[in-house]
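Participant: To start, I am sharing the structure in question, which I have written as structure tokens.
The values are calculated or read from the model by the stated rules, or taken from the named source; none is laboratory data. Worth saying up front: this structure is predicted, and the values here are computed from it rather than measured. With ideal geometry, Cβ positions are generated from the backbone for all residues, glycine too; neighbour counts draw on all protein chains shown.
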């Protein structure tokens, strides 16, 4: 960018005889100022464009972070439900294992108690399966139905 010439270089009210020699210098200063103004405007337009691009990128990143946070929350909720289900299944398997083990130690006359215990486990298992069918399901990457 050309250097600006100070307005103090030029008189405010030049004498008529000095106008002829002063005019080329004024014209050159005006051209340099206009050139500098054009360069400055171009530079400012570039800076404004860059600022708009950065703002758009920041907005995209913020939107991505919102989606990521929502996804993490959904995954956390799903993990909690899965953990609860696995604990319940583990309880069923432990109870069945204990029932079978105790049945082996029980004489045949005590098998009716064991059968009643198995029926109770079966009822609880069916109720458990029914509850699992009503749990939320992920249908795609962005939705969580429940």
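Participant: For the list (1) part of a helix (DSSP H, G or I); (2) at pLDDT below 75; (3) surrounded by fewer than 10 Cβ atoms within 10 Å (Cβ to Cβ), I need the number of the one condition that residue 129 fails.
Facilitator: Here residue 129 meets the rest and fails (2).
Participant: Same structure, new question: Among (1) at pLDDT below 85; (2) surrounded by fewer than 11 Cβ atoms within 10 Å (Cβ to Cβ); (3) in a helix (DSSP H, G or I); (4) under 47 Å from the mean Cα position of the chain (by Cα), which single condition is residue 116 missing?
Facilitator: (4)
Participant: Going by the conditions given, is residue 16 surrounded by 10 or more Cβ atoms within 10 Å (Cβ to Cβ) and free of Cβ contacts under 8 Å to residues at least 24 places away in the same chain?
Facilitator: Judged against the criteria, residue 16 is not a match.
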